[in-house]
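**Q** Please see the structure below; I have some questions.
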Amino acid sequence: MESVALVAPVTALEFVGDVLLAGTGPEVAAFRLSGGGAAAAAAGRRSVLRQASVQGLRAEPGGGGGAVRVAAFGGRWLAVLAVRRGGGGAALAAAGGGAARDVGARVWEARWAAGGRLALALGGGAVALYEWRGGGRWLRRARCGGAGALRCAALAGAAAGWARLVLAAGTAAGAVVVWRAAAAAAPRRRLRGHRGAVLALSYAAPRGLLASASEDRSVRLWAVGELGGGGAAPCLLVCYGHGARVGAVGLRGPRPVSAGEDGACLEWGGGGGVRRARRGHRGALRALAVRPAGGCLATGGADGGARLWRPREAAALAAAAALGAPGRPRAVRLAGPRRVLALGEAGGLAAYEAAAGRWAPVLPAGAAGPRGVLAAAPLPSVAGGALCALGGGDGRLAVLALDRPGDVACARLFEGAVRGLGWAARPGLPPATAAALLASGPGGELLWLDVACRPGRPPSLRLMGRYLLPPCKQRWHTCAAFPPQGGLLVCGDRRGSLLLFACSHPPGPPAESPGSADAASPVGEDSGSESELSFLGQKEALPLENPLSVLFGLHGKMGVTSVTCHGGYVYSTGRDGCYRQLRLQARQLEVLRKHRPCKGLQWIEELRFTPSGDLLVLGFHADSFVVWSTRTGENLHCVPCGGGHRSWSYSSSPSAEAFAYIKQGDVMLYCSAPEPCEQQVLLASLHGREITCVRRLGAVRVPGHPAVNVFVTGSEDTTACVLTLSERSRAALPLTTLDDHISSVRALALAGPATPSDASLSTLLFSGGGRAQIECYRLLLTGDPASKSTVACEVVHVASHRLDEHWDRMKNRHKLVKMDPETRYMSLSVVPGTDAEQLPTPCKFLAAACSDGSVRVFGLLEAARKLVLVAESFHHQRCVLKVEAFLHVPAGGARRCFLCSAATDGSVAFWDITAPITEAADALHRAAGEMQPLALGTPLLTVMAHSCGVNSLHVREMPEGRYLVASGSDDGSIHVCRLEVALGDGAAGLRVLERLSQPCAHAAHVTGVRVLRPDLVLSASVDQRLTLWQLGPGGLEALSTTFFHVPDLAELDCWEAAAEPGGEPHYYCVLCGQGLELVRCAALATRPEPPPPEAPQ
């Protein structure tokens, strides 16, 4: 068995010239820097340590030429690498024999000493000089007196020899203790001040500064001078700002930089305040490195991610400037980053030019009438130009190009006020000179006009369509977009609904304004003005179109804020803090997914897709306007503006970022110079907390590329992630994240086709976890050669179920015992064979093990998008940990569905659920997806397999209608049961043929077990051992055992790989916990020869 891919927390980082090394698990990954450290590319990966994670990497100083030696250490293991640079890449090779060495004690720190030796700080408070070449031997070793329990260490003076070697160690008591190696009996210094264990130290000899980080969430800077000297060492800075323990610290010049378990990398100023905060990781930070030349930072986290941060000086926080708008502004819009438009309460329009620093009138008071609305659209063909539209409370419309404010096109649209006004790009119109304008008025009437600029004349207006919004209290549109398919219009309204209309080009010439209006006179005093065109009569000739599709109240009562078309999908945002992904199918809107981009973003205004592939989310977090990057997971801009209930506008360009808003009766403008993205993702982040479950979706083959395995994982961080795990790169690439759960994701189950296609894969995914919540998705995986992962994933959210919502819908619930809303789903299993033609309604059934002592069965009606509780039983009366469903198809008989459940008392129960499923299918067919839960009855058979909780369970069918049931327990044992199905007169029974047990199969909980074939069983445990067992008449016999590198193992999944021509069959196993690992297992054909007996002593 061998490990072929690994995702583990990044626990060590080191810059070696223009190469960045990252320690992830026992492996070291190399990235070649370019552009002065502004970018990096993967250059290589190598397994270094055997049974420990790399906790530190130390490059030999002054290493030039072709190779640099690097010491890698973790736990009791030590190895030396050679990093060879050249040819635009970097190669990692072993040095000193190539094998990692067990030095017998934990290595806290390593530094290169004279002669190429290593100075080591060891557990127990020892310091040593080690010769790593050859077989490895100790040259000098000393134990430091009064050390206590160490948590970190720093070494100085190693290059000057043993007499100058100094050890500084952080203790669990919160002190930093300093010794000289030559006189280690007593400490030279004790630096006190921390109120918790000191977890990290960093010493800068040229400046005589020592930085310390502690679990009390503080960072301290000490003026120690020469580390081994005596005397007092004053504390220069005490820095508080982290929200959790601080596990890594470095020095960037005279300023400390720290990384904490709150996921933040903070750079501190001279007064102890936060100078710059860097965030982006999903979980705790475990590693930090500062590049001496260039000032780059690198961070590594428990999420398996590594990021490179560009050197950038902290700019002064740009403050919003009051522009002193004339009159009282009602609405504000940005026409480019340097021009602000303000519509006054009296209906006048004014423009502010940032270059001139003053306001200039565009239209006089009364131009827009009372209660006017304002909309602006940029024109790429004119430098700084834009189309501007004003709608008034009297139903009039004025349209002008800002570069020619004297040419105004005026029209009368409605008998009442213009309630909504907005621009939209339309396929078929030249975007440089024309755009579509949508205006809504009384009674929910929506008009579509095409507007085009003409040289020396007012813009032309052409009425294209007339639509009717559905009845509601706030009946006007807020946004619209024309999908690229053509012939359709997607519109969002103030009620939060999303509407789809059919649109077509009406015949006839465009209706245009006959002349230009004088800017000094009011626009269109009456419908007979020569400068005003009336559409009141013309629009009656157009049919009033009703929507083809209505998603009523999709974004709640606060309204839809934007509609965007990108990549063949429609995206909508709202003030409910979510954005939704939709698709057009058969001229209907279908919601695929709902996204919450980040915690605390209550109001999402707009989505912007960048050319680099990033998705920017514009919205409001509390009282600040933010621009959130979904790729890097950080705020690119944050402007304290008081909230989004006032009129505001945002503009982004290569020259500047601008945000204008109204506050206290004035127009405020925030401008900042655009800055390139500060961070680069080197290793993608997966989950911020432990991975609790994993399933393999399948393999997708793309022509010209190797097959790619796709997995889905669930985590304690409330998300599920669909990802690829490659043997070639040994790394994972996330495809999409599912974030609909409100608590941890504890279990996953799949229901897919029996023979999926190589080119694509479609499957149903069920995810369950805390707060009694189950979510169901339809996943479609296809090949995408243009993407980095070569796989594209489309997600359709099918249905969801929560017990508290189910309780609220129940009748006569006052007579029942209330369901516990804190119930957790511990395990899920899809009942096979329930989508056959014999059922009256096509549906699938899902079995769930629940923490409240029940076994529940749910029915999924995919077409109706309903997940219904159909049956349950509280037979176990204690937490049910695992369920497995299996199907029995006798020769010439009716198929029967069985369910196996295991609880915390070590019992395994077997149920015949054929009758409840058939009855539930009939009830769902009759009641259109609504029914009262049935009783599962009593189990057919109960087996006391273990003395405590069953953490793993697997059922495999054997020939002649027999089944192997394997289970693993908290007591470290494995139990295998051989069953036979006995069919009687209309009933079925189960008979135990054989029971085999292996006590103490592992030294800890057995959390994963799989029956690979009738004679092979694979088990994995929290003791990080993966064991292959031979199953025979006499019991279980271990064939091979390997160490895997995922701590706190939660679950495993296995599958058989197709044997290559002339090759032997083999299996793959994926393990999850504090990381993710893919292991290849060779299937042994025969039992290995026993070892020869030892000779008598």
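**Q** Of all DSSP beta bridges in the chain, what percent run antiparallel (nearest 5)?
**A** Of those bridges, close to 100 percent are antiparallel.
**Q** Let me ask something additional. Rounded to the nearest 0.05, what FRET efficiency do E2 and H705 have when you use their Cβ-Cβ distance and R0 = 25 Å?
**A** Working: r = 23 Å, r/R0 = 0.92.
Rounded to the nearest 0.05, the efficiency is 0.65.
**Q** Can you list the HN-Hα couplings for the stretch 612-626, worked out from phi with the Karplus curve (6.51, -1.76, 1.60; θ = phi - 60°), rounded to whole Hz and with x for Gly and Pro?
**A** Those phi angles translate into 7, x, 7, 10, 9, 10, 9, x, 10, 10, 6, 9, 10, 8, 10 Hz.
**Q** Along the positive direction of the dipole of the chain (beta-carbon charges: Lys, Arg +1; Asp, Glu -1; about the Cα centre), which of V1079, L683, A168 reaches farthest?
**A** Most positive-ward Cα: A168.
**Q** Would you please give the residues with an amide H less than 5 Å from that of G698, counting only those at least 5 places away or on a separate chain, with H modeled from the backbone geometry?
**A** V710
**Q** Extension gain E727-A915, at 0.36 nm per residue separation less the Cα-Cα distance, in nm?
**A** On the way: separation 188, 0.36 × 188 = 67.68 nm, distance 4.53 nm.
Contour length minus Cα-Cα distance gives 63.1 nm.
**Q** Let me ask you something else. Within the accessible area of the chain, what % is carbon and sulfur when the probe is 1.4 Å and the other protein chains stay in place?
**A** Details: 21460 of 42850 Å².
Its accessible area is 50 percent carbon and sulfur atoms.
**Q** What number, rounded to the nearest 500 deg cm²/dmol, is the helix-based mean residue ellipticity at 222 nm of the chain, given -39500 (n - 2.57) per DSSP H run of at least four residues and division by all its residues? It would help to have the intermediate numbers written out before the result.
**A** On the way: 2 runs with 21 residues, N = 1097.
One gets -500 deg cm²/dmol as the mean residue ellipticity at 222 nm.
**Q** Right, here's the next one. Relative to the compact globular guide of 2.2 N^0.38 Å, what is the alpha carbon radius of gyration of the stretch 534-633, as a ratio? Walk me through the numbers before you get to the answer.
**A** Working: Rg = 16.5 Å, N = 100, 2.2 N^0.38 = 12.7 Å.
Here the Cα radius of gyration is 1.30 times the empirical estimate.
**Q** Contour minus end-to-end for A223 and H566, with contour as 0.36 nm per residue of separation and end-to-end as the Cα-Cα distance?
**A** Details: separation 343, 0.36 × 343 = 123.48 nm, distance 5.58 nm.
Extra length available between A223 and H566 comes to 117.9 nm.
**Q** Please work out the FRET efficiency for the pair R1013 and E675, using the Cβ-Cβ distance as r and a Förster radius of 41 Å; give the result to the nearest 0.05.
**A** Details: r = 58 Å, r/R0 = 1.42.
In this case the efficiency is close to 0.10.
**Q** Where a Cα-Cα gap under 17 Å defines reach, which aspartates and glutamates qualify for K599, not counting those fewer than 8 residues away within the same chain?
**A** Answer for K599, where 17 Å is the Cα cut-off: D262, D576, D623, E634, E716, D717, D739, D740, listed by chain and number.
**Q** Which whole-Hz ³J(HN,Hα) couplings does the stretch 148-154 yield from phi under the Karplus relation 6.51 cos²θ - 1.76 cosθ + 1.60, θ = phi - 60°, glycine and proline marked x?
**A** Karplus-based 3J(HN,Hα) across the stretch 148-154 equals x, 7, 8, 10, 6, 8, 9 Hz.
**Q** Please give the length that would be gained between E960 and Q51 if that part of the chain were fully extended, namely 0.36 nm times their separation in residues minus their C-alpha to C-alpha distance (nm, one decimal). The partial results should precede the final answer.
**A** On the way: separation 909, 0.36 × 909 = 327.24 nm, distance 4.36 nm.
Stretched fully, the E960-Q51 segment lengthens by 322.9 nm.
**Q** Enter the angle in degrees (range 0 to 90, nearest 10) between the Cα long axis of helix 914-927 and the first principal axis of the Cα atoms of the chain, meaning the one along which they spread out most.
**A** 10 degrees
**Q** Of the peptides 26-32, 793-799, 6-12, how do they stack up when ordered by the mean number of other Cβ atoms within 10 Å, highest first? Intermediate values should be presented prior to the final figure.
**A** Values: 26-32: 23.0, 793-799: 19.4, 6-12: 24.7.
In decreasing order of mean packing, 26-32, 793-799, 6-12 become 6-12, 26-32, 793-799.
**Q** Amide H neighbours of L941 under 5 Å, at least 5 residues apart or on other chains, H built in the peptide plane: list them.
**A** F910
**Q** How far apart, in nm, are two points set 7 Å out from the Cα along the Cα-to-Cβ line at A321 and at E994?
**A** The modelled label-to-label distance comes out at 8.6 nm.
**Q** Now for a separate question. Could you check the simple spin-label distance between C948 and A864, using points 7 Å along Cα→Cβ, in nm with one decimal?
**A** 4.5 nm
**Q** Determine by what factor the alpha-carbon radius of gyration of the chain differs from 2.2 N^0.38 Å, reporting the quotient.
**A** Working: Rg = 34.2 Å, N = 1097, 2.2 N^0.38 = 31.5 Å.
With N residues counted in the chain, Rg over 2.2 N^0.38 Å equals 1.09.
**Q** Given the peptides 464-474, 162-172, arrange them by the average over their residues of other C-beta atoms within 10 Å, most packed first. Please list the in-between numbers first.
**A** Numbers: 464-474: 17.2, 162-172: 22.8.
Descending mean neighbour count gives 162-172, 464-474.
**Q** What does the accessible area per residue of the chain come to in Å², with a 1.4 Å probe and no ligands, DNA or RNA counted? Provide the component values of the computation, followed by the final result.
**A** Values: 42850 Å² over 1097 residues.
In whole numbers, the chain has 39 Å² accessible per residue.
**Q** A further question follows. Give the Kirkwood hydrodynamic radius (Å, one decimal) of the stretch 727-796, defined as one over the mean of 1/r across all pairs of different Cα atoms. Intermediate values should be presented prior to the final figure.
**A** Values: mean 1/r = 0.0728 Å⁻¹.
For the stretch 727-796, inverting the mean 1/r across all distinct Cα pairs yields 13.7 Å.
**Q** What does the highest-first list of 72-82, 110-120, 674-684 look like by mean Cβ count within 10 Å? Spell out each step's value before the answer.
**A** Values: 72-82: 23.8, 110-120: 21.0, 674-684: 17.3.
My ranking of the peptides, most packed first, is 72-82, 110-120, 674-684.
**Q** Follow-up. Please list the non-local residues whose amide H lies under 5 Å from the amide H of G1008, H modeled 1.01 Å from N, same-chain partners needing a gap of 5 or more.
**A** When sequence neighbours closer than 5 places are left aside, the close amide H contacts are A1020.
**Q** Convert each backbone phi in the stretch 780-792 into a coupling constant with the Karplus relation 6.51 cos²θ - 1.76 cosθ + 1.60 (shift: θ = phi - 60°), then list the ³J(HN,Hα) values in order as whole Hz, x for Gly and Pro.
**A** Using θ = phi - 60°, the values come out as 10, 10, 9, x, 9, x, 6, 8, 5, 8, 6, 9, 10 Hz.
The values are calculated or read from the model by the stated rules, or taken from the named source; none is laboratory data. Predicted, not measured: the structure shown is a model, and the values here were computed from it. Because the Cβ atoms are built from the backbone with ideal geometry, glycine has one as well, and the counts that use them run over all protein chains shown. Side chains are part of the model used for accessible areas, which takes the heavy atoms of the whole protein and leaves out ligands, DNA and RNA. Shrake-Rupley method; radii C 1.70, N 1.55, O 1.52, S 1.80 Å.
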